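A short worksheet on the structure shown next.
The values are calculated or read from the model by the stated rules, or taken from the named source; none is laboratory data. Everything quoted here is computed from the prediction, not taken from an experiment. Every residue, glycine among them, receives a Cβ derived from its backbone with ideal geometry; neighbour counts consider all protein chains shown.
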């Protein structure tokens, strides 16, 4: 059974772009987005950066799953290789990622992006480095 996804996992750019983390478990993650005007390039089609951002987010999630957020590791992208296959025909995208292999310092993931008409939009491979998460500090703290 998949547990509810904490809001903090979809803050920042993911929230700005409307990404929804809909499934997240060990070695696996799924993101959805309803396409609108903010996702278009100057020609009116899907901006490739939206696809890349979805892939980066979903492959990032699949390698750091841990139900206890105090034990969850951080990560940074080392390499992201994307193959753009088709333009979307539908109004919604889904990015699915699976963990391929994880070591002590690096992990490898693969992703697919499809639309709501099952059109394959992109495939990707990614490599991430695990990092220690830094506690958030307040800019208003006293010295």
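In this structure, does residue 84 turn out to be crowded, with 18+ Cβ neighbours inside 10 Å, at pLDDT 90 or above and touching a helix residue (DSSP H, G or I) at 6+ places or on another chain (Cβ under 8 Å)?
no
Being under 16 Å from the mean Cα position of the chain (by Cα), surrounded by 11 or more Cβ atoms within 10 Å (Cβ to Cβ), closer than 23 Å to residue 11 by Cβ and touching a residue at least 24 places away in the same chain (Cβ under 8 Å) narrows it down to one residue among 30, 127, 76; which is it?
30
Output the number of the condition that residue 52 fails; it satisfies all remaining conditions of (1) within 21 Å of residue 131 (Cα to Cα); (2) assigned to a helix (DSSP H, G or I); (3) at pLDDT 95 or above.
Condition not satisfied by residue 52: (1).
How about the range 34-47: which of its residues are in contact (Cβ under 8 Å) with a residue 12 or more places away in the chain, assigned to a strand (DSSP E or B) and under 18 Å from residue 85 (Cα atoms)?
Within the range 34-47, 46 is the sole residue that qualifies.
Any residue in the range 58-71 that is surrounded by 17 or more Cβ atoms within 10 Å (Cβ to Cβ), at pLDDT 90 or above and assigned to a strand (DSSP E or B)?
For the range 58-71, residues surrounded by 17 or more Cβ atoms within 10 Å (Cβ to Cβ), at pLDDT 90 or above and assigned to a strand (DSSP E or B): absent.
For residues that are touching a strand residue (DSSP E or B) at 6+ places or on another chain (Cβ under 9 Å) and outside any strand (DSSP E or B), scanning just the range 14-33, find the one that is nearest to residue 109 (Cα to Cα).
Among residues in the range 14-33 that are touching a strand residue (DSSP E or B) at 6+ places or on another chain (Cβ under 9 Å) and outside any strand (DSSP E or B), the one nearest to residue 109 (Cα to Cα) is 27.
Consider residue 114 carefully, then state whether it is modelled with pLDDT under 95, outside any helix (DSSP H, G or I) and either more than 17 Å from residue 24 (Cα to Cα) or touching a strand residue (DSSP E or B) at 6+ places or on another chain (Cβ under 7 Å) (or both).
Against the criterion (modelled with pLDDT under 95, outside any helix (DSSP H, G or I) and either more than 17 Å from residue 24 (Cα to Cα) or touching a strand residue (DSSP E or B) at 6+ places or on another chain (Cβ under 7 Å) (or both)), residue 114 does not qualify.
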